[in-house]
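Taking it in order: structure first as structure tokens, then the write-up.
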Amino acid sequence: MKVTRFLCLWASLIFFANTFVQGQNNEKFYYDYSINLNLVNNDQISVSLLIDSLDKEEIIFQFPAIVPGTYKVYDFGRFISQFKAFDQNNNLLPVEQLNVNQWKISSARQLRKITYMVDDTWDTLLPHKVFEPAGTNIEKDKVFVLNNHGFFGYFDGLINTPFKININRSQKYYGSTSLKRDVSNSVQDVFWVENYHRLVDNPIMYAEADTATIQVADTQVSIGLYSPNKKLNAKQVAESLKEVLKAQEHFLKGKLPTDHYAFIIYLTDKPSNSGALGALEHWNSSFYFLPEESAKLLLPIIQEIASHEFFHILTPLSIHSEEIANFDYNQPEMSKHLWLYEGVTEYFAGLALVKEGVISQENYLNSILEKIVTSSHLYNRELAFTELSKKCLGEHSAQYANVYEKGALLAMGLDFILMSHTNGQYDLRDLMLDLSEKYGSTKPFKDDELFDIIGEISGIPEAVEYLEKYVDAPNPLPLTKMFEQVGILYEDEEIIETATFGNIGLSVNDNDEIFIEDITDMDEFGSNIGYQKGDVLLQFNTTDITLENISDIMDDFINHPEKFPKVKITVRRNGKIVKLKARTVIIQNIEENIFEKNPDCTPEQKQLRKVWLGNS
């Protein structure tokens, strides 16, 4: 009975969906695209667009200059050639190319078809190479990478209308994508996509089927892989990702804001044309361009990158501003909240793994220290993060990568604020889940209102003060004070006082006694106390020196010189007992980035650290 009800409901939904689409098709303009992957000519593919009618005398057809997630202008119109427009009798209509990305079509009311050729970006000789995960690849009889913004354009003013994409293919090809097929048979796929934003956001890779699936909470995760020499397969990737994805499921309390997700992975045995390797995130998928290596070498890399990319289902999938929701592909206005989209994502990627015991606390804290050092040494420390975000395409483009360094640290600082003001009962994870519930994928927030929204949802005014002071202004993060809350000692610079044992060379004789073998580089303390080559060390102050304790004696003396203002060392020299005396020589060293757990932290600090890092 349950199965029958389910089938009836499923049939009703399909009927409703088809009726909705057909209604749109009859009453509203839609794009009707076709490409044939079986017809490749000179590494190019022909694209055809059928048009029912346009109520305009002239219209502009265009390709993106930039797409979300890349933060670089690529001008995808560069890869389009033989652009033609036809009326219903297949007569050519006047076309004027306005710039690299736009064509003006006159007599648009008569327009019934557009055709053009697409050249792929991965092997182009043109300058300004496209990062492969954002580009296109045409390898006849092997693999096709359809980042859809490189194949399908749109009319100015008609970006929010539906797209019908007809793809003819060989029966040996399977299209890995997060798009859902409306029609699929042995040689054809048809996708209906609600608007250009969703089309761009869903890449497709066609290759011989190598797929696997993982269930994470209520989300079905698919893996599609292309490995030219079969060094890796999708099932291996799925097994390696299970631990990471399960950790993220637990971290997000089982509340994943999408019911499906796709990892699309292309492995290459050739050099990268752009000179880069990596991945590009999308709302329901991520595309990877990585070197084809052994499973032992490659799987940890995929795990690390996937941990970051998968968390983008939270932001920007469910939490994003109007600038993201209404992205302008030719003259984009950037959001000022890259600290949210990339910084929080990067912070969560590591935090989820340490909380669930996938990585150790030591490794995680080392990664945090690396971000501190990298951010402070490689990037402008006097640049407000909102300023960086707004102008990351122009004057601050060289600072963009700091979103993964300081951006993550900013997220961590906000996490500490939330935890410390709620005794660990509310944290950044809870805030993001609350924001996701309030907004979701279809409701953007206003860029200028985010800080106040965070204050309203969290009920913590100090969170707003923190964001205004450290995200919206160029003030340096108070790292020492921040880490103190969770029982971590941090100093960007500290003067360390040490002693020296004389900088002498020691060795062991046949009686297991320690003697001075070399005084070539003996320092001030060694000269003051009067070491001579051949001296056998017998006592340090009143402690007998042995093979077993010499390291402890020297370590205690060198690292705690305040305990030993004066030193007596008894030696045997030429068969006679000689007592050497000298004042300790103090050496001051500047040590940078002191970062370690505080062994003397309070119970409250220790408890907050436990809330932060978990029990790993």
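Some points to look at:
- Odd one out for Asp218, checked against (1) at pLDDT 95 or above; (2) out of contact with any strand residue (DSSP E or B) (no Cβ under 8 Å at 6 or more places or on another chain): (1)
- Residues that are surrounded by 22 or more Cβ atoms within 10 Å (Cβ to Cβ) and either touching a helix residue (DSSP H, G or I) at 6+ places or on another chain (Cβ under 9 Å) or of a type in the set (Ser, Thr, Tyr) (or both) within the stretch 125-150 comprise Val130, Ala134, Gly135, Thr136, Val145, Asn147, Asn148, His149, Gly150, listed in sequence order.
- Conditions (1) farther than 27 Å from Asp492 by Cβ; (2) of a type in the set (Gly, Ala, Ser); (3) surrounded by fewer than 16 Cβ atoms within 10 Å (Cβ to Cβ): number failed by Ala398: (1)
- Where Glu395 falls short, out of the listed (1) over 25 Å from Gly350 (Cβ atoms); (2) modelled with pLDDT under 95; (3) in a helix (DSSP H, G or I): (3)
- Residues satisfying the stated conditions in the stretch 151-196, i.e. hydroxyl-bearing (Ser, Thr, Tyr) and over 25 Å from Ile105 (Cβ atoms): Ser170, Tyr173, Tyr174, Ser176, Thr177, Ser178, Ser184, Ser186
- Residues located in the stretch 193-211, provided they are out of contact with any Leu (no Cβ under 6 Å at 6 or more places or on another chain), surrounded by fewer than 21 Cβ atoms within 10 Å (Cβ to Cβ) and charged (D, E, K, R): Glu194, Arg198, Glu208
- Of the residues making up the stretch 478-501, those that are of a type outside the set (Phe, Trp, Tyr), outside any helix (DSSP H, G or I) and buried (at least 20 other Cβ atoms within 10 Å of the Cβ) number 4.
- When Pro316, Pro332 are screened for being crowded, with 21+ Cβ neighbours inside 10 Å, at pLDDT below 90 and assigned by TED's automatic domain parsing to the domain that holds Lys242, only Pro316 passes.
- Contacts under 6 angstrom Cβ, first residue in the stretch 380-401 being over 18 Å from Ile66 (Cα atoms), partner of a type in the set (Lys, Arg), 6 or more apart: Thr386/Lys336
- Within the stretch 342-389, tally of residues that are under 26 Å from Lys469 (Cβ atoms), among the charged types (D, E, K, R) and surrounded by fewer than 20 Cβ atoms within 10 Å (Cβ to Cβ): 4
- In the stretch 461-484, the residues that are in contact (Cβ under 8 Å) with a residue 60 or more places away in the chain and of a type outside the set (A, V, I, L, M, F, W, C) form Cβ pairs under 7 Å with partners that are part of a helix (DSSP H, G or I) and buried (at least 18 other Cβ atoms within 10 Å of the Cβ), at six or more places apart or across chains, as follows: Tyr470/Leu410; Tyr470/Gly413; Asp472/Thr386.
- Qualifying residue in the stretch 321-330 (condition: of a type outside the set (D, E, K, R) and under 14 Å from the mean Cα position of the chain (by Cα)): no
- Test: Glu462 is in a strand (DSSP E or B) and touching a helix residue (DSSP H, G or I) at 6+ places or on another chain (Cβ under 7 Å): no
- Answer from Gly424, Gly413, Gly455 - the residue that is assigned to a helix (DSSP H, G or I) and over 24 Å from the mean Cα position of the chain (by Cα): Gly455
- Within the stretch 466-477, restricting attention to residues that are more than 23 Å from the chain's Cα centre (by Cα) and in a helix (DSSP H, G or I), the residue that is surrounded by the most Cβ atoms within 10 Å (Cβ to Cβ) is Tyr466.
- Candidates Leu299, Leu277: the one that is aliphatic (A, V, I, L, M), touching a residue at least 12 places away in the same chain (Cβ under 8 Å) and touching a helix residue (DSSP H, G or I) at 6+ places or on another chain (Cβ under 7 Å) is Leu299.
- The stretch 212-242, subset among the β-branched types (Val, Ile, Thr) and surrounded by 16 or more Cβ atoms within 10 Å (Cβ to Cβ), residue nearest to Ala295 (Cα to Cα): Val237
- Screening the candidates Asp555, Asp523 for the property of being within 17 Å of Thr584 (Cβ to Cβ) and within 48 Å of the chain's Cα centre (by Cα) yields one hit, Asp555.
- The residues of the stretch 38-66 that are of a type in the set (S, T, N, Q) and at pLDDT 95 or above, listed by number, are Asn38, Gln44, Ser46, Ser48, Gln62.
- Any hit, the stretch 29-36, residues being of a type in the set (S, T, N, Q), surrounded by 12 or more Cβ atoms within 10 Å (Cβ to Cβ) and modelled with pLDDT of 95 or more: yes
- Yes/no for Val130 being touching a Gly at 6+ places or on another chain (Cβ under 7 Å), modelled with pLDDT of 95 or more and either of a type in the set (A, V, I, L, M) or not in a loop (DSSP other than H, G, I, E, B) (or both): no
- Test: residue in the stretch 305-321 that is β-branched (Val, Ile, Thr) and in contact with a strand residue (DSSP E or B) (Cβ under 6 Å, 6 or more places away or on another chain): yes
One line per residue, one yes/no per condition, for (1) free of Cβ contacts under 8 Å to residues at least 40 places away in the same chain; (2) assigned to a strand (DSSP E or B):
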| position | (1), (2) |
| --- | --- |
| Ser186 | yes, no |
| Phe191 | yes, yes |
| Asn202 | no, no |
| Tyr206 | no, yes |
| Ile214 | yes, yes |
| Gly224 | no, yes |
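- Single condition Lys296 does not satisfy, out of (1) surrounded by fewer than 16 Cβ atoms within 10 Å (Cβ to Cβ); (2) among the basic types (Lys, Arg); (3) assigned to a loop (DSSP other than H, G, I, E, B): (3)
- Within the stretch 582-613, being surrounded by fewer than 12 Cβ atoms within 10 Å (Cβ to Cβ) and either of a type in the set (S, T, N, Q) or under 16 Å from Tyr531 (Cβ atoms) (or both) holds for Gln588, Asn589, Thr602.
- Taking the criterion of being of a type in the set (A, V, I, L, M, F, W, C) and in contact with a Leu (Cβ under 6 Å, 6 or more places away or on another chain), the residues of the stretch 506-565 that qualify are Ile514, Ile529, Ile545.
The values are calculated or read from the model by the stated rules, or taken from the named source; none is laboratory data. Computed from a predicted structure; not experimentally measured. Cβ: placed from backbone, ideal geometry, glycine included. Neighbour counts: every protein chain shown.
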